[in-house]
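Visitor: The structure is given below, and queries will be raised subsequently.
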Amino acid sequence: EAGVVQSPRYKIIEKKQPVAFWCNPISGHNTLYWYLQNLGQGPELLIRYENEEAVDDSQLPKDRFSAERLKGVDSTLKIQPAELGDSAVYLCASRGKNTGELFFGEGSRLTVL
Amino acid sequence: TQLLEQSPQFLSIQEGENLTVYCNSSSVFSSLQWYRQEPGEGPVLLVTVVTGGEVKKLKRLTFQFGDARKDSSLHITAAQTGDTGLYLCAVSGAGSYQLTFGKGTKLSVIP
């Protein structure tokens, strides 16, 4: 069974440019998370979806970040415009019903120049 | 204030040595998870502890949940180079699967 798939793995952009990340969770997993991870730090939650509904987006900087999960499966995370401080790894994770285990993708490493 | 405090932040040891890393909080949790993250990869679950005083073993790794369910430790016996990585503890609120992570302990095992 395929794990959580993220793309792109790496992205380098100049500041003020837009960027988008895509995540395909494990089949059947209703809960999807986007986390931000700075170098050497633990992941920080940006947004959590239950099916297509965003149930916790309190940590998402809504002035420049947006996310969607239209059909309750794949999800995209967008930053527009990107700032230097957005350089980080963006991790997607999914979780099945009645289990506390999160399955993470390999992450998308963003570098903003 | 950080919900979870992990210590030490960095640890570099020789292969074959033993080590313990800690995850502490002033809050009580219904469960606590430990993940390991290797460079360029996402975190992978090692164990979930749910009962105060619980001890779980996973080969050379021993996990303990504090009696008061506020802290946890991870002990590695005879460390190997393959144990190198970032060790993260994580907790969720009661009835919630919103997982909050500590900052992690970065372990380097030197041959």
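The values are calculated or read from the model by the stated rules, or taken from the named source; none is laboratory data. Everything numeric here is computed off the predicted structure, so don't read it as measured data. Using ideal geometry, Cβ is built from the backbone for each residue, glycine included, and neighbour counts are taken over all protein chains shown. Please note that ligands, DNA and RNA were not included when accessible areas were found on the heavy atoms of the full protein model with its side chains. Shrake-Rupley method; radii C 1.70, N 1.55, O 1.52, S 1.80 Å.
Visitor: Answer yes if at least one residue in region A:46-65 is closer than 19 Å to residue B:37 by Cβ, within 14 Å of chain B (Cβ to nearest Cβ), within 11 Å of the chain's Cα centre (by Cα) and buried (at least 20 other Cβ atoms within 10 Å of the Cβ), and no otherwise.
Guide: Going through region A:46-65, the residues closer than 19 Å to residue B:37 by Cβ turn out to be A:46.
Cutting the leftovers down to within 14 Å of chain B (Cβ to nearest Cβ) gives us A:46.
Subset that is within 11 Å of the chain's Cα centre (by Cα): A:46.
Now drop any that are not buried (at least 20 other Cβ atoms within 10 Å of the Cβ), which leaves A:46.
Yes, region A:46-65 has at least one match.
Visitor: Can I ask one more? Taking only region A:1-29 into account, find how many residues are among the β-branched types (Val, Ile, Thr) and more than 15 Å from the chain's Cα centre (by Cα).
Guide: So the count comes out to 2.
Visitor: Here is a further query. Could you run through region A:89-109 and say how many residues are in contact (Cβ under 8 Å) with a residue 24 or more places away in the chain and either more than 24 Å from residue B:38 (Cα to Cα) or more than 14 Å from chain B (Cβ to nearest Cβ) (or both)?
Guide: Matching residues across region A:89-109 total 1.
Visitor: Taking the stated definitions as given, is residue A:73 of a type in the set (Val, Ile, Thr), surrounded by fewer than 19 Cβ atoms within 10 Å (Cβ to Cβ) and modelled with pLDDT under 95?
Guide: Yes, satisfied.
Visitor: Does residue A:111 qualify as being among the hydroxyl-bearing types (Ser, Thr, Tyr), out of contact with any His (no Cβ under 7 Å at 6 or more places or on another chain), crowded, with 17+ Cβ neighbours inside 10 Å and closer than 23 Å to residue B:41 by Cβ? Explain how you work it out, then say what you get.
Guide: Numbers: among the hydroxyl-bearing types (Ser, Thr, Tyr): yes; out of contact with any His (no Cβ under 7 Å at 6 or more places or on another chain): yes; crowded, with 17+ Cβ neighbours inside 10 Å: no; closer than 23 Å to residue B:41 by Cβ: yes.
When the stated conditions are applied, residue A:111 does not pass them.
Visitor: While we're looking at this one, here's another question. May I ask you to list the residues in region A:30-45 that are within 14 Å of the chain's Cα centre (by Cα) and either open to solvent by less than 10 Å² (accessible area, probe 1.4 Å) or β-branched (Val, Ile, Thr) (or both)?
Guide: Residues satisfying the conditions are A:31, A:32, A:33, A:34, A:35, A:43.
Visitor: Also, I was wondering about something else. Any chance region B:60-76 includes a residue that's touching a Gly at 6+ places or on another chain (Cβ under 9 Å), acidic (Asp, Glu) and open to solvent by 30 Å² or more (accessible area, probe 1.4 Å)?
Guide: yes
Visitor: Another question about this same structure. So is residue A:84 open to solvent by less than 10 Å² (accessible area, probe 1.4 Å) and not basic (Lys, Arg) or not?
Guide: no
Visitor: If we keep just the residues of region A:15-24 that are on the phi < 0 side of the Ramachandran plot and either more than 12 Å from chain B (Cβ to nearest Cβ) or at pLDDT below 95 (or both), which is surrounded by the most Cβ atoms within 10 Å (Cβ to Cβ)?
Guide: Among them, the one singled out is A:21.
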